[in-house]
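Reviewing the structure listed below.
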Amino acid sequence: MASFKEMKKNRMANLESLSKQVEKLAEKPSYEDERIWKLERDKTGNGYAVIRFLPAAVNEDVPWVRVWTHGFKGPGGWYIENSLTTLGKDDPVSKANTALWNSGIDSDKNIARERRRKLNYYSNIYVVEDAANPQNEGKVMLFRYGKKIFEKITGVMNPEFKDETPLNPFDFWEGANFKIKMRQVDGFPNYDKSEFTDVVPLSEDEKKMEEIWGQQYSLTEITEEKNFKNYAELEARFNTVIARQGDEFVGNIEESTSEPVASTEKTDDTLDYFKKLAEQE
């Protein structure tokens, strides 16, 4: 404000400005990462798109990274966090789940199942066809996917039968496009009908492929320690969510085997689902 007189003159405008700032404070924050491509579903819950998995980014060796997450609701709210087991470290939820699982009590095992880890993979992709969001076509984006789609990838890399030729789906020249066909089955996304096309170059223009390669996002950054809360922070949040009163978990941790993990395609979109539920509260 240039002067006291101007401040007095413009005080109603200042009130409007402050009111807008208050409205912003009331808005729920968005946790969406605009780099991540998502398959949009129609009214029936089905979705279709064509993408191309890209090779390892500049200065990286592997075209995917794995991230373990936990997403569940307790008496104290939602727990939606990356698991430290991704980094090979102890995690408070996994520790608790292991103890519950080894207690030998069915009710404890059910709780451990509800809180089990979910596995997500991240890869760079080139969006070939996305009718629901055509603005994404021709873009390099990150794709988060689950076990079922990863099995599709490893399936063409290591085919079961002798008459099938191994395919590197991440190759620019001798890779293949991936048709994502998602259906709703028993209330969960199912990717069984998804498939790779015949071998085809991403482009006939070598220069274009080099440009695409240079546009990729770093995957190693996703698993950097800065993207994970430390053990004490996670434990504090976990205790709040489960409304924990005591200091001991059920079971003998010294005799533990491992935490139960999800093993079906039902986990592919689980993290997004949990986040949306949490934001609605």
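The values are calculated or read from the model by the stated rules, or taken from the named source; none is laboratory data. All values reported here derive from a predicted model rather than from experimental measurement. Heads up, the Cβs are rebuilt from the backbone with ideal geometry, glycines too, and the neighbour counts pull from every protein chain shown.
Numerical summary
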item: Subset of the range 183-211 [buried (at least 17 other Cβ atoms within 10 Å of the Cβ) and in contact with a Phe, Trp or Tyr (Cβ under 6 Å, 6 or more places away or on another chain)]; result: 196, 202, 209
item: Failed condition for residue 226, given (1) of a type in the set (Lys, Arg); (2) closer than 23 Å to residue 59 by Cβ; (3) not in a helix (DSSP H, G or I); result: (3)
item: Test: residue in the range 71-81 that is over 30 Å from residue 200 (Cα atoms), assigned to a helix (DSSP H, G or I) and at pLDDT 95 or above; result: no
item: Restricting the range 213-223 to residues that are touching a strand residue (DSSP E or B) at 6+ places or on another chain (Cβ under 6 Å) and assigned to a helix (DSSP H, G or I), the residue that is surrounded by the most Cβ atoms within 10 Å (Cβ to Cβ); result: 222
item: Residue in the range 118-137 that is closer than 18 Å to residue 52 by Cβ, assigned to a loop (DSSP other than H, G, I, E, B), among the charged types (D, E, K, R) and free of Cβ contacts under 8 Å to residues at least 40 places away in the same chain present; result: yes
item: Residues located in the range 43-70, provided they are of a type outside the set (Asp, Glu), under 26 Å from residue 196 (Cα atoms) and part of a loop (DSSP other than H, G, I, E, B); result: 43, 44, 45, 46, 54, 55, 56, 57, 58, 62, 63, 64
